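Before any comments, here is the structure.
The values are calculated or read from the model by the stated rules, or taken from the named source; none is laboratory data. Bear in mind that the values here come from a model prediction, so they are computed numbers and not experimental data. With ideal geometry, Cβ positions are generated from the backbone for all residues, glycine too; neighbour counts draw on all protein chains shown.
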Amino acid sequence: MTAQTLPPSRRLVFRHPLVVRATHWINVVALTILLMSGLQIFNAHPALDLGDRSFDHTILSMGATSDEQTRGYVEAFGRRFDTTGVLGLSNVQGEPTARGFPAWVTLPAVQDLATGRRWHFLFAWIFVVNGLVYLLYGIMSGKLARLIPTGADLAHIGSAIREHLLLRFPKGEEATRYNVLQKLTYLVVVLGLLPLQILAGLAMSPGMDAWANWLPEAFGGRQSARTVHFVIAMLLVLFVFVHVGMVVLSGPLNNLRGMITGWFAITPARAEER
């Protein structure tokens with residue numbers, strides 16, 4: 001066996017400090033419970049409206065018809081889609097029941113707005129405090145600055161998109177650094193979507209409305225803030241699906257080891273691959 005055909009050597013590098021790992025897994029738990037309890041809250045009024053009052057300018061609604069054959073539906077921007085068994089109408093203890101999202105994806109599973117709100121508010125504060133810890137650590141350690149793309153990064157954004165589409169993942173030391181697409185995505189999520197999500201949540205609070213009535217008005221009304229809150233939640237779900245997909249495709253065991261123990265295995269790139 002020649003040197004060229006030998007399997008490339010692997011070595012471990014320490015990639016994720018304890019603070020990064022801990023805040024990451026706390027976020028996984030917090031965001032999961034926030035999503036499930038948020039869908040429970042949504043089910044109490046399964047519609048998205050614009051303005052300050054419900055039903056004035058509805059852009060999306062879920063429900064069930066009252067015809068001879070009950071069907072679930074989602075109506076968006078004046079167009080109705082049959083979503084029986086998924087959205088609008090679900091089987092609850094063997095009985096077809098009108099509800100926006102099905103029981104298996106809400107917390108609690110039964111329709112209980114008060115309990116859903118308690119779960120949501122508790123983990124909202126856990127998420128905010130955890131996010132502040134991550135943000136402060138990122139600033140103090142300089143790791144947050146590494147998320148800012150350089151001019152050289154932006155100049156190679158086309159090749160980065162191509163490599164992602166072809167599912168070609170970096171090797172060697174390059175695998176331990178964020179590429180330009182990752183940097184831009186994390187910046188949008190960490191410094192854009194998440195702060196806006198928190199502000200939209202606060203804008204729905206009657207207590208916040210009494211203390212800072214400019215906040216709901218900044219969103220165009222409390223119902224508009226609710227719609228923004230829901231849309232961002234769905235964008236975060238999309239981000240998580242893409243993130244998990246990339247983790248699986250680029251090496252799930254290695255990526256999980258890196259986020260659990262901090263140690264990440266890299267395979268040096270051969271000269272012809274560089």
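Brief remarks on what is shown
- Within this structure, residue 174 fails the test of being surrounded by 14 or more Cβ atoms within 10 Å (Cβ to Cβ) and either of a type in the set (A, V, I, L, M) or not in a loop (DSSP other than H, G, I, E, B) (or both).
- Odd one out for residue 73, checked against (1) surrounded by 12 or more Cβ atoms within 10 Å (Cβ to Cβ); (2) touching a Gly at 6+ places or on another chain (Cβ under 8 Å); (3) under 19 Å from residue 224 (Cα atoms): (3)
Conditions tested, residue by residue: (1) of a type in the set (Asp, Glu); (2) free of Cβ contacts under 8 Å to residues at least 40 places away in the same chain; (3) assigned to a helix (DSSP H, G or I).
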residue: 149; (1), (2), (3): no, yes, no
residue: 154; (1), (2), (3): no, yes, yes
residue: 161; (1), (2), (3): no, yes, yes
residue: 178; (1), (2), (3): no, yes, no
residue: 182; (1), (2), (3): no, yes, yes
residue: 188; (1), (2), (3): no, yes, yes
residue: 217; (1), (2), (3): yes, yes, yes
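- Any chance residue 121 is part of a helix (DSSP H, G or I), in contact (Cβ under 8 Å) with a residue 60 or more places away in the chain and closer than 17 Å to residue 30 by Cβ: no
A quick yes/no check of all residues on (1) in a helix (DSSP H, G or I); (2) of a type outside the set (Val, Ile, Thr); (3) farther than 30 Å from residue 139 by Cβ; (4) without any contact (Cβ under 8 Å) to a residue 12 or more places away in the chain:
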residue: 19; (1), (2), (3), (4): yes, no, no, no
residue: 32; (1), (2), (3), (4): yes, no, no, yes
residue: 43; (1), (2), (3), (4): yes, yes, yes, no
residue: 59; (1), (2), (3), (4): no, no, yes, no
residue: 104; (1), (2), (3), (4): yes, yes, yes, yes
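- Hey, residue 129 assigned by TED's automatic domain parsing to the domain that holds residue 23, β-branched (Val, Ile, Thr) and in contact (Cβ under 8 Å) with a residue 60 or more places away in the chain or not: no
- For the residues 155, 114, 160, the requirement of being within 30 Å of residue 15 (Cβ to Cβ) and exposed (fewer than 13 other Cβ atoms within 10 Å of the Cβ) singles out 155.
- Pairing each residue of the range 70-94 that is under 15 Å from residue 48 (Cβ atoms) with any residue that is surrounded by 13 or more Cβ atoms within 10 Å (Cβ to Cβ) and among the polar types (S, T, N, Q), provided the two are 6+ apart or on different chains, yields C-beta distances under 7 Å for 73/65; 73/83; 74/83; 75/61.
- Residue in the range 216-223 that is aliphatic (A, V, I, L, M) and either surrounded by 18 or more Cβ atoms within 10 Å (Cβ to Cβ) or within 27 Å of residue 12 (Cβ to Cβ) (or both) present: no
- Residue in the range 260-269 that is surrounded by 15 or more Cβ atoms within 10 Å (Cβ to Cβ), at pLDDT 90 or above and part of a helix (DSSP H, G or I) present: no
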